[in-house]
Every structure is written in C-alpha cells, then in structure tokens.
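Structure first, then comments.
Only the coordinates and a few stated rules stand behind these numbers; no lab work does. Computed from a prediction, not measured in an experiment: that's the story for all the values here. Note that each Cβ is placed from the backbone with ideal geometry, even for glycine, and that neighbours are counted across all protein chains shown.
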Amino acid sequence: MNLIRTREECYLNLNPLQTGGRTNAAVRLTATSFIDGYSVCDYCKGVLHLIEKPPICQLTKDLADFLGMDEARLTNGAREGKFAVIHALLSPGEVIVVDSNRHYSTYVAAERAGVRVYEVRNTDYPEYEIRPEVYRETFEQVLKETGKPPKLALLTHVDGEYGNLVNAYEVGKICQEYQVPFLLNSAYTAGRMEVKGKELLADFVVTSCHKGFGIPGTIGVLATTEKWIDRLFRKSIKYPKKDIELLGCTARSEASACLITAFPYVKERVKHWEEEVKKARWLVERMESLGEIEQLGVRPKEHDLIRLKTPLFSKMAEKERKKGYFIYYELEKRGITGIKPGQTNWFKLSTYGLTWEQVEYLYSAFSEIARKA
C-alpha cells in the first residue's frame, strides 16, 4: 500500500496540533535525504549532541541561545523532557505543582515518576484562566499539608485546549520566592513566538518542535540553566558520554536534520508573531458576529489556537442528514479541513501560518454555512 497525504497541498488545514509543524520545501528535501533509520549517525562520536556532521552539536548550542537558556538537548518530544526533569529532581512521593490546563502527558510523566501532583486550578467557564497568584496559594497548600514546599512547579505556557497564554514571569517570581525550581512547557509557544527562559525566570524549558518549528517527525528540546546542568544531564558511570535521563541518545533520524534546515526560517517567523495574533482576533470577532458562537478562553486572544462554543452549528446539525458531521463535510467541500469530524457543539482551530486572504476566505466559508440556518 502506498499511502499519500495531501492535506496541506489541497486544503486549508486548521488543526492546532499541525499548523505550527507545517513544513516548507527545503525541510521536505532534507527529510527525504535523511529518511533512513539512524540517518544522522554517519559520523557519530558516541552521542547525538556531539555529532558535527550534520551539525547537531552547533544546533543544540543555537537552540539553547534561542530559548534563552545555557544548555540544551534534543528529545523525542516535550513529554520526554518533562519526565527527564521530574525524574532528575524528584523522588517517589515528593510533590510537583502543575496547572490544571496541563497536557495529559504532564500528569502521565508525574505518574511514571511516582510523584504526587497538586494542581493550580483555573477560573473555569468561560475563560479557564490560570492566574499566577494561584501558584502561591497552591504552594501554601502543599506547605500546610506536607510541611515543605513542592520540589518542582510546571507551567503550561499556552495550553492546547483554550490557547491561553499565561504570564510565565509572574509564575517564575513566585517560584523564586518559595525556592521551587520552575519548568516551563513551551510546546505551543516556542517556535511561534519568542521564548527566553531565563528572562521568564525558568530553570527548565521544554518544547515540541513538531508543533512549533515546522518539521516532520517527533522531536523536542530540553533546555536548562547552568545551575542544573550537572543534575539534569548527569552521565552514566559505565558509559560516560551518555546522559542518563535521556537514555543516552534521542532523536536519531530525519527530524534532527530537518530542524537544522528549518531553524533559520523559525528564527525569522517568531518576529511576526503579533501579526499571527491579529489574525486570530480578527477571526474571533467575525465568527462571534454570526450569532450563537462564543470564544472560550482569555480575551482578547493572545495565541492562534482558538476554541469556539458553537450552539449555532449544533442546532443546525439536528436538522441535517449528516447530523454532527455536517460541518466537517461543508468545510471540506470548500477546501477546509482540520475540524474534528462529528464536532458541532464546540471545536478548536488555528489560524497560524495562514495569509490574510486565507483567513478572510475561512470566515466567508463559515458565514456561508451559517446562512443556511
């Protein structure tokens, strides 16, 4: 079977998981050149971040600088980075504080490490906002119940449900006040917008390059400050080049090479983040003007990920032969995809990387469908 995917070539793809990972022609050429397994290991010196051809050694230094940190490693995704930090800093039974908008893999990583999780609650409907001062309240709860502060705090910089951007600097200040190490999950921010970890008072930064750096495969970055290098990137006694928390090596295929090719493009595109936010705000305003559509999450939008509550389309679905699937097929007929099939009560979308002309076309498509009500 020869599988062919044409979503990016034939449609406007609105899937928030995929818009930041959309590749360009140069990256695709690199991918085909390094498609074989262990493709970056032709000139391996024993560990991934020391490979000079292709220049992964320089890439990791550049990524640390890009993220405003002191040292970085490639991972197979943000979840690996989160687990590495949790496992390096906490013993089973100790406490990590995380935001309630966290990705499920944050909780799974904590479970795998056998640590206790306290959650920073959000404000619930309709903003679902994570307010920095609630970290202080949660730290105090941990102190009251355990007699000592948590061993680590994690913040999801932008969550994958509502696209809420949290003031990481304010969280960092609270963490410093309580002397709690601070882990920033920038899976939906780094590569889209500028993220400088030390300026945000973060001790650790993780990100997912397949979400925000326009590359194929699964790959992430784990970065830290000088204070934590020896702890986080501790070496094996028997194999002294190998980082224990990363099990020696991580992304050993085309994703690493593609990140090298994409990096100059990514460094340029973060400079245009304000324009991306303007597109999201414009679309939200127009969509809500259709009636019975409401943006969920903090207002005004500060990110391209948009969640809409859409009773307008839910009511229409009751009269349609295809029921909940009608909006998916109506959009598909207009060359638009990425909304999950069967969803009409609410759905998520992202305008990232679309031109203004495409954003305007997207609104006109929804408007045309709404007029059938």
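General observations
- DSSP-defined antiparallel bridges as percent of all bridges, segment 178-336, nearest 5: 70 percent
- Antiparallel DSSP beta bridges within segment 52-165, as percent of all bridges there, nearest 5: 10 percent
- Estimated purely from DSSP H runs of n ≥ 4, each contributing -39500 (n - 2.57), the mean residue ellipticity at 222 nm for the chain is -11000 deg cm²/dmol once divided by its residues.
- The residue among Ser253, Asn167, Leu184 whose Cα reaches farthest toward the positive pole of the charge dipole of segment 143-272, with charges on the beta-carbon of Lys, Arg, Asp and Glu, is Ser253.
- Percent of Cα pairs exceeding the 18 Å cut-off, where the set is segment 112-262: 65 percent
- Axis angle, to the nearest 10 degrees, between helix 168-177 and the longest C-alpha principal axis of the chain: 30 degrees.
- Ordered by the count of other Cβ atoms within 10 Å of each Cβ, fewest first, Glu127, Glu285, Glu245 give Glu285, Glu127, Glu245.
- Cleavage-rule hits, trypsin sites (Lys or Arg not before Pro), segment 299-351, DSSP coil, Cβ neighbours within 10 Å at most 10: Arg321
- Projected over all directions and averaged, the alpha-carbon convex hull of segment 295-373 occupies 5.2 nm².
- By the Cβ distance rule (another cysteine Cβ under 4.7 Å), the unpaired cysteines of the chain are Cys10, Cys57, Cys175, Cys209, Cys249, Cys258.
- Here, the chain is characterised by an Rg to Rh ratio of 0.99, where Rg is the alpha-carbon radius of gyration and Rh the Kirkwood radius.
- Sequentially through segment 133-138, phi angles give Karplus couplings (6.51, -1.76, 1.60; θ = phi - 60°) of 5, 6, 4, 4, 4, 6 Hz, Gly and Pro residues having no value and appearing as x.
- Taking a ≥ b ≥ c as the square roots of the Cα gyration tensor eigenvalues, segment 7-164 comes out oblate, since a/c reaches at least 1.5 and a/b does not exceed b/c.
- Backbone N under 19 Å from the Lys241 label point (7 Å along Cα→Cβ), restricted to segment 17-47: 38-47
- Folded to 0 to 90 degrees: helix 104-113 orientation relative to the chain principal axis, Cα: 20 degrees
- Debye, to nearest 20: dipole size of the chain, +1 on Lys, Arg Cβ, -1 on Asp, Glu Cβ: 840 debye
- Of all DSSP beta bridges confined to segment 21-266, the antiparallel ones make up roughly 45%.
- Packing-based ranking of 101-110, 74-83, 223-232 yields 74-83, 101-110, 223-232, ordered from highest to lowest mean Cβ neighbour count within 10 Å.
- Inter-centroid distance (Cα atoms) of segment 100-153 relative to segment 1-55, Å: 35 Å
- Note on Glu275 and Gln58: the extension gain reaches 75.1 nm, defined as 0.36 nm multiplied by sequence separation minus the Cα-Cα distance.
- Cα centroid of segment 293-352 to Cα centroid of segment 217-259, whole Å: 39 Å
- For segment 233-337, the convex hull drawn through the C-alpha positions has a volume of 217 cubic angstrom per residue.
- Distance between modelled label sites at Asn345 and Val117, nm, 7 Å Cα→Cβ extension: 2.3 nm
- Rounded to 10°, Cα long-axis angle of helix 78-89 versus longest principal axis of the chain: 30 degrees
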